[in-house]
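The structure appears below as structure tokens.
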Amino acid sequence: AKYVYDFTEGNRNLKDLLGGKGANLAEMTNLGLPVPPGFTITTDACRHYLAAGVVPDGLDQEVAEHLDALEKQMGRRLGQADDPLLVSVRSGAKFSMPGMMETVLNIGLNDESVHGLAKQAGGNDRFAWDSYRRLIQMFGKTVLGIDGDLFEHALDALKGKRQDTDLDAGELQGLVETFKGIVHEQTGKDFPTDPREQMRLAVMAVFDSWNAPRAILYRRQERIPADLGTAVNIVAMVFGNVGNDSGTGVAFTRDPGTGTQGIYGDYLQNAQGEDVVAGIRNTIPLEELERIDKRSYDELLGIMETLENHYRDLCDIEFTIERGKLWMLQTRVGKRTAAAAFCIATQLVDQGLITLDEAVTRVTGDQLAQLMFPRFDGGADKKKIAKGMNASPGAAVGKAVFSSERAVELSEQGEDVILVRRETNPDDLAGMIAAKGILTSRGGKTSHAAVVARGMGKTCVCGAEELEVSTSEGRFTAPGGVVVSEGDVISIDGTSGEIYLGEVPVVDSAVVEYFEGAEPQDELVKAVDRIMSHADSVRRLGVRANADTPDDAARARRFGGQGIGLCRTEHMFLGERRQLVEDLVLASTDEARQAALDALEPLQKADFTEIFRAMDGNPVTIRLIDPPLHEFLPDIVDLSVKVATDGATDKDRRLLAAVKRLHEQNPMLGLRGVRLGLVIPGLFAMQVRAIAQAAKEVPGARPEIMIPLVAAVQELESVREEAAKILAETGVEALIGTMIEVPRAALTAAQIAEAAEFFSFGTNDLTQMTWGFSRDDVESAFFSRYLDQGIFGVSPFETLDREGVGRLIRIAVEEGRSTRPDLHLGICGEHGGDPDSVHFCHDVGLDYVSCSPFRIPVARLEAGRAAL
Ligand code: ADP
Ligand code: MG
Ligand code: MG
């Protein structure tokens, strides 16, 4: 195996092997840019070292050969006493992990070569001792594991009120002695003076830094695989700390916040490496370099242009100037904000650097989603009281309330409220819907609060553990004794997780206004408009909405939805209509039952009429009633209490009996969906009639009738027969199909397709049933454990589990189409708005995805990206 690559041998496509830093250093070298020579030890070698505890055979030999070559090229040997070559030993993984791993500069210095270095710099002792103290400091901390504060404190004590550049050669020489003393005291050994030994130890320390706790944490958060390992770059040192004609800086080729072209960077004279970002002295804006060193400045600007044209994207760079000579030390395609991503992509199209197709691939649905949330005004005064997890982005302001009921009450009075709970459960749903934002003190990013809030596009901060929430007393306490009681105004930032006391002003998202129909005005919205139009023109997948109300249906249309993929009917049985459902359940004769159904029918018909109107000739998939009936009945405890008191009516007593009769151990697996339709005569027929009558009234209406929870074709056949008869009688045409949400349905899709004109994958239930866990119960119980232990990379309720649930979908798609080639296929679980899941749906050949109206733009964009 080859474990070491010279910079001249690599290129930017070798990130897996050389890490991002190494691959891009090689790329710049081959572009002819001024990069100090060096070589890269591969991630292969690191993986071997981490697994075996020793470096692979042959590595030492290969490194020695490359070092020899480097020494020849530079005309000096590593740490050579009278004229030393120094190197840096730098980490660099495939994915950038800013500041998470280690780098050691000035390797090769010792008590002799420090004098050689001074001589090299024209007798500059100060510079040489400064470089030496930096080596001991970095090496001590990184390689020898000494607490970095010990060095910092010694340096601070020496500096007093002065800056590091005010220290003279003698003082720095003294500091070197102090640092050596710290090393001896902490490790019981002397600082290693052999240059090659220094380098060898530093390489292993960089390997080890892959598993530093903060690196592990960062990877988990960023979903970077844990087994990639880091490469190590050995780079000939260049020095920005020789004097005021030297310095070091960082820059972006354009503004990573907005995408605007210009000079964005910071520079620090007489400094080395990390000094710029460490904030030891105040940096100056890069523009000022023009005044200090115009030649280097002009060269730098030329290089930045070269890099942008070459990478065809925004790049960030690190550079150093050594006595008027510019050196490039790092570049990569730079991270940027969501807004900048859209602007830059279209700017690059206009510059002729990329095509519109590429522009679509340069932005993500997640970035688009971020742009759709309102934000707090960055300039406003704020009083931060705590921080939780940024579960669902956005900015929400309102009065704190501590129960779902209060949230509903106050919001009905026109108040904005923030629902504060220790954690939420399905009972809080109404309050969550009524609230502007949700704040919990417990639970992670897959907690009920977080998942539901994201689905609704509602701002949520969860797991703010610093808060003591007492729902019974109606208040919470934040650190520092801040007490927030019901009615006090708070502001929560779902993008950062921060919680503020009082009202922080918010600004509306211009992107949402655009989706709502406003003409694109500013650059960002114009960029979004162009990219969305292009995504629409290339995507194969249709995008529909999950919408139950005319308002949602109308928004879905405005946001680009091409129909409704899931219109639930259960909410049509709530509110004042509960009464009618109670009558239905209590009916003891056919006549009484029919009377209850007859009373419901016109109400349902009116609902459907409105939705058909809002969808304006686009298809509407209506799911017949799905949840167990007792969900519409009063709570068993409340009823029992009522029945035990004097005021109870006969109906109360009969209701209690019914509730007891309908009680289920596992309602999720109980009497619901098609089972309900088969057990309660006339229920589905009433719904189908309401749909048919409504469709008759709205010209162009395109109803699709969807039967939930089918597991066997026989279930579907009997419902279908009845429905088809009603449709024929009314002369209305409608597709009849089923949800595929029980594993057995997926596995018998060939049979089921005989009775279904369409399938819609109900991936919420399908995920629960495939994994065998109920979402409401497991998320708070053990999901965070599973995520921590890597059993899930991501919650299967958030992103579709391709291997398990996805396999069932593949089977159902293939077998369903084998029976009925024109079988129409869609997905209506929450996954329909999740970027990765949209790509899966494209790959597996579905016809459309359906998601909440707010997620439609995300799905449109990702469907476009999937097609490219
Ligand atoms: P990080 O990945 O944390 O940015 P780097 O490996 O880039 O760490 O190095 C830390 C700092 O040291 C950077 O500012 C870099 O530019 C500087 N540096 C690294 N190698 C050299 C070198 N050979 N000569 C001068 N400065 C260097
Ligand atoms: Mg760097
Ligand atoms: Mg379901």
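FRET efficiency for the residue 68 to residue 153 pair, using the beta carbon distance and R₀ = 41 Å, is estimated at 0.55. Using the Cβ-Cβ distance between residue 298 and residue 771 with R0 set to 35 Å, the FRET efficiency from 1/(1 + (r/R0)^6) comes to roughly 0.05. Reported to the nearest whole Å, the Cα centre-to-centre distance from region 467-543 to region 225-243 is 39. Oblate is the label for region 189-299. Its Cα gyration tensor axes, ordered a ≥ b ≥ c, give a/c of at least 1.5 and b/c at or above a/b.
Run the numbers for residue 781 and residue 836: contour at 0.36 nm per residue of separation, minus the present Cα-Cα distance, in nm.
Full extension of this stretch gives 17.3 nm more.
Approximating the spin labels as points 7 Å out from Cα along Cα→Cβ, the residue 603-to-residue 526 distance works out to 5.2 nm. Semi-axes of the equivalent ellipsoid for region 40-190, computed as √(5λ) from the eigenvalues of its C-alpha gyration tensor and ordered from largest down, come to 29, 21, 14 Å.
Seen through its C-alpha gyration tensor, with square-root eigenvalues sorted a ≥ b ≥ c, region 374-508 comes out rounded because a/c lies under 1.5.
Shape class of the chain from the alpha-carbon gyration tensor: prolate, with a/c at 1.5 or above and a/b greater than b/c. Counted over the chain, the DSSP beta bridges are approximately 65% antiparallel.
Label-to-label distance, residue 177 versus residue 353, with points set 7 angstrom from Cα along the beta-carbon direction: 5.4 nm. Distance between the 7 Å Cα→Cβ label points at residue 591 and residue 11: 8.7 nm.
Residue by residue, region 346-356 carries 3J(HN,Hα) couplings of 6, 4, 5, 5, 5, 7, x, 7, 9, 8, 5 Hz when phi is fed to the Karplus relation 6.51 cos²θ - 1.76 cosθ + 1.60 (θ = phi - 60°); x denotes Gly or Pro. The fraction of Cα-Cα pairs per 5 angstrom bin, counted from 0 for region 247-333, comes to 3, 15, 28, 26, 18, 8, 1 percent, rounded to whole percents. For region 254-332, the list of GluC sites (Glu not before Pro) that fall in a loop by DSSP and count at most 13 other C-beta atoms within 10 angstrom is empty.
Return the loop-located trypsin sites (Lys or Arg not before Pro) in region 106-170 (DSSP other than H, G, I, E, B) with at most 12 other Cβ atoms within 10 Å of their own Cβ; answer none if there are none. Counting only loop positions with at most 12 other Cβ atoms within 10 Å, the trypsin sites (Lys or Arg not before Pro) in region 106-170 are 161, 162. Over 28 Å apart at the Cα level, from the set 141/382; 141/387; 119/180, are 141/382; 141/387. Across region 419-576, Cα-Cα pairs more than 23 Å apart make up 53 percent of the total. Within region 737-811, the GluC sites (Glu not before Pro) that combine a DSSP coil assignment with at most 16 other C-beta atoms in a 10 angstrom radius are 803. Using a Förster radius of 60 Å, what is the FRET efficiency between residue 54 and residue 288 based on their Cβ-Cβ separation? Nearest 0.05, please. Efficiency computed from Cβ-Cβ geometry: 0.75.
Here, each number is a calculation from the coordinates, and none is a lab measurement. Quantities reported herein were computed from a predicted structural model and do not represent experimental measurements. Counting neighbours? That spans all protein chains shown, and the Cβs are built from the backbone with ideal geometry, glycine included.
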